[in-house]
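S.K.: Below is the structure I would like to discuss, written out as structure tokens.
The values are calculated or read from the model by the stated rules, or taken from the named source; none is laboratory data. Fair warning: this is a prediction, and the values are worked out from it, not measured in the lab. FYI the Cβ positions are ideal-geometry reconstructions off the backbone, even for glycines, and counts take in every protein chain you see. Note: areas computed on protein heavy atoms with side chains; ligands, DNA, RNA excluded. Shrake-Rupley method; radii C 1.70, N 1.55, O 1.52, S 1.80 Å.
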Amino acid sequence: MTYSEHTVEKIGGTSMSRVRELRDTLIIGDRKGADLYRRIFVVSAFGGITNLLLEHKKSGEPGVYALFANDDSDHGWLGALTRVADAMSQAHNAVLDNQGDRALAEDFVRDRIEGARSCLFDLRRLCSYGHFRLSSQMMIVRELLAGLGEAHSAFVKTLMLRRAGVNARFVDLSGWRDETEYSLEERISRALADVDLSRELPIVTGYAQCREGLMREYDRGYSEVTFSNIAALTKATEAIIHKEFHLSSADPALVGPNSVRKLGHTNYDVADQLSNMGMEAIHPNAAKILRQSNVALRVTNAFDPADPGTLIDDQPAQQPAVEIITGLDVVALELFEQDMVGVKGYDSAALEALKRHNVRIASKTSNANTITHYVEASLKTVRRVIADMERAFPSAEINARSVAIVSAIGRDLCGLGCFSTGLRALEDADIEVIAAHQTTRNVDIQFVVPRDAVEDAIKALHSALIGSPATNKLDEAA
């Protein structure tokens, strides 16, 4: 493959359900001939398919993987796999008009679903012997199942584009029936080796089977990691993520669509802060790959293709400004020990307990005798952490409280007085401020508020620190 000037672009799962609309605007639009090419598209599974294959990302409702992992004798995973096949059929029948294409898609689904069913049956049978343990194979099972969704959506999109006259090419990185093990770089390089970007449009699976094991390292963030690695390896001029919305100064559904503004331009530092607050513009590891490869990232609204969206690169702000307000529900885990001052070991023991239970830390503060971790976890998990910490520090007082962090984020907050302005805004809105802090890097300020006040806090801080498009000139500055 000749790495000519090109872009690498990703379409998410919810947008894939409207891929026919995207075909006529984002992908083809008014492009003709050579203008259709020099783009690589990385696709996720159709909306909801990965939830059915693994488990629901938000509710935790078990999918095929979770049912297979906990199967005793009722084989509930078999019914779940059939539901996946039905959902895939419904998805491709909704976007494919040609009966021949629909038949090809049905054959594709049948081959992959029956192959997965046979594989899981054989694995169960093999593990019925004492020398084999199912638990040691479950990550491989998770990867096998995850790849089904992306392979299906990429195949269907390829069919649809070919029917529209585009020379699209299905590029399957899922390793289906591949007996050779490759690294991620080898897998991508081999798959794209003979692609001619000047006259072919590669449609690439978001999941890539590789020696490193994407699910083990990134779990559900694997498609963005695949996307960023393709952009880095092919030296793309730009990596583009097409979402269903613009990257805005706050949630439009909360603050109001006429009150928010599109960011337009920000940097990877802000993207990292957003990720920490649960509002991922891109997976942090994917952002790291792009940043280290000097590939700029653009986040666009897939359904507003004429708008350039928001460019994310490594450039500092031209002038200080708050760019976005966002919030995250957390649990404040407070460790108080009167004799802590001057004694080492309390912090490391707390971190070990949090790591043991796989609890993510969103923020942390401490003083002479108190350490508070703001963690993203259920109260059930936090209680287990507390039990471990109480065994380590029997004389300490350990408390947990459900709160929320509302953060004001920007590339440069120097000299704006955001801390005091934010406190006044929250006070004027009658919102209790439980804690507040700002780091010396001046890229974010965090206000800890009662959980039931998070939405009002976001509105108050957005109004005070950003305002509406009519009251600021930040769009022009961006």
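S.K.: Can you confirm whether Ser395 is of a type outside the set (Asp, Glu), surrounded by fewer than 18 Cβ atoms within 10 Å (Cβ to Cβ) and within 30 Å of the chain's Cα centre (by Cα)?
M.R.: No: the conditions fail for Ser395.
S.K.: Which residue, of Leu413, Leu379, Leu426, is out of contact with any helix residue (DSSP H, G or I) (no Cβ under 7 Å at 6 or more places or on another chain) and over 19 Å from Met279 (Cβ atoms)?
M.R.: Leu379
S.K.: Scan the range 84-98 and report the pairs whose first residue is part of a helix (DSSP H, G or I) and whose second residue is acidic (Asp, Glu) and open to solvent by 20 Å² or more (accessible area, probe 1.4 Å), with Cβ atoms within less than 7 Å and a gap of 6+ or a chain change.
M.R.: If the second residue must be acidic (Asp, Glu) and open to solvent by 20 Å² or more (accessible area, probe 1.4 Å), the pairs left are Ser89/Glu106.
S.K.: Would you be able to say whether some residue in the range 155-172 is farther than 28 Å from Arg211 by Cβ and in contact with a Ser or Thr (Cβ under 8 Å, 6 or more places away or on another chain)?
M.R.: Yes: the range 155-172 contains one or more residues that are farther than 28 Å from Arg211 by Cβ and in contact with a Ser or Thr (Cβ under 8 Å, 6 or more places away or on another chain).
S.K.: Also, I was wondering about something else. Could you list, ordered by first residue, the pairs with Cβ atoms under 6 Å in which the first is in the range 158-169 and of a type in the set (A, V, I, L, M, F, W, C) and the second is assigned to a strand (DSSP E or B) and surrounded by 19 or more Cβ atoms within 10 Å (Cβ to Cβ), at least 6 apart or interchain?
M.R.: Leu161/Ala168; Val166/Leu201; Ala168/Leu201; Ala168/Ile203
S.K.: Taking the range 319-351 as the search range and keeping residues that are in a helix (DSSP H, G or I) and farther than 30 Å from Glu280 by Cβ, which one is modelled with the lowest pLDDT?
M.R.: Tyr346
S.K.: Turning to a different aspect of this structure: Kindly indicate whether any position in the range 411-425 is among the hydroxyl-bearing types (Ser, Thr, Tyr) and either in contact with a strand residue (DSSP E or B) (Cβ under 9 Å, 6 or more places away or on another chain) or at pLDDT 95 or above (or both).
M.R.: Yes, because at least one residue in the range 411-425 is among the hydroxyl-bearing types (Ser, Thr, Tyr) and either in contact with a strand residue (DSSP E or B) (Cβ under 9 Å, 6 or more places away or on another chain) or at pLDDT 95 or above (or both).
S.K.: In the range 192-228, what residues are open to solvent by 30 Å² or more (accessible area, probe 1.4 Å) and either in contact with a Leu (Cβ under 8 Å, 6 or more places away or on another chain) or within 21 Å of Asn51 (Cβ to Cβ) (or both)?
M.R.: Listed by number, the residues that qualify are Gln209, Arg211, Glu212, Arg216, Glu217, Tyr218, Asp219, Arg220.
S.K.: Any residue at all in the range 143-155 that's open to solvent by 10 Å² or more (accessible area, probe 1.4 Å), in a helix (DSSP H, G or I) and modelled with pLDDT under 95?
M.R.: For the range 143-155, residues open to solvent by 10 Å² or more (accessible area, probe 1.4 Å), in a helix (DSSP H, G or I) and modelled with pLDDT under 95: present.
S.K.: Keeping to the range 432-464, report how many residues are modelled with pLDDT of 95 or more, assigned to a loop (DSSP other than H, G, I, E, B) and open to solvent by 20 Å² or more (accessible area, probe 1.4 Å).
M.R.: So the answer is 3.
S.K.: Mind telling me which of the residues Glu106, Glu179 ends up being open to solvent by 20 Å² or more (accessible area, probe 1.4 Å) and more than 22 Å from Gly48 (Cα to Cα)?
M.R.: Of the residues listed, the single one that is open to solvent by 20 Å² or more (accessible area, probe 1.4 Å) and more than 22 Å from Gly48 (Cα to Cα) is Glu179.
S.K.: Among residues belonging to the range 323-351 that are charged (D, E, K, R) and in contact with a helix residue (DSSP H, G or I) (Cβ under 8 Å, 6 or more places away or on another chain), point out the one that is farthest from Asp388 (Cα to Cα).
M.R.: Filtering the range 323-351 for residues that are charged (D, E, K, R) and in contact with a helix residue (DSSP H, G or I) (Cβ under 8 Å, 6 or more places away or on another chain), the one farthest from Asp388 (Cα to Cα) comes out as Glu323.
S.K.: What are the pairs, 6+ residues apart or on separate chains, where a residue within the range 6-30 that is closer than 18 Å to Asp97 by Cα has its Cβ under 6 Å from a residue that is in a helix (DSSP H, G or I)?
M.R.: Every condition considered, the pairs that remain are Met16/Ser153; Val19/Val95; Val19/Lys157; Arg20/Val95.
S.K.: Another question, if that's okay. Quick check on the range 247-264: of everything there that is open to solvent by 40 Å² or more (accessible area, probe 1.4 Å) and touching a strand residue (DSSP E or B) at 6+ places or on another chain (Cβ under 8 Å), which residue is farthest from Glu376 (Cα to Cα)?
M.R.: Lys262
S.K.: Scan the range 188-203 for residues that are of a type in the set (A, V, I, L, M, F, W, C) and farther than 19 Å from Arg31 by Cβ and jot them down.
M.R.: Ile188, Ala191, Leu192, Ala193
S.K.: Scan the range 277-296 and give yes if some residue there is surrounded by fewer than 18 Cβ atoms within 10 Å (Cβ to Cβ), within 18 Å of the chain's Cα centre (by Cα) and among the basic types (Lys, Arg), otherwise no.
M.R.: Yes - at least one qualifying residue is present in the range 277-296.
S.K.: Go through (1) closer than 30 Å to Ile230 by Cα; (2) assigned to a helix (DSSP H, G or I) one by one and return the number of the condition Leu354 breaks.
M.R.: The single condition Leu354 does not satisfy is (1).
S.K.: While we're looking at this one, here's another question. Please enumerate the residues belonging to the range 229-244 that are buried (at least 18 other Cβ atoms within 10 Å of the Cβ), closer than 14 Å to Val299 by Cα and not β-branched (Val, Ile, Thr).
M.R.: Ala239, His242, Lys243
S.K.: Please determine whether any residue of the range 367-387 is of a type in the set (Asp, Glu), at pLDDT below 95 and either crowded, with 16+ Cβ neighbours inside 10 Å or in a strand (DSSP E or B) (or both).
M.R.: yes
S.K.: Now, a different point. Counting just the residues of the range 182-208 that are hydroxyl-bearing (Ser, Thr, Tyr) and touching a residue at least 40 places away in the same chain (Cβ under 8 Å), which one comes out nearest to Met16 (Cα to Cα)?
M.R.: Here the answer is Thr205.
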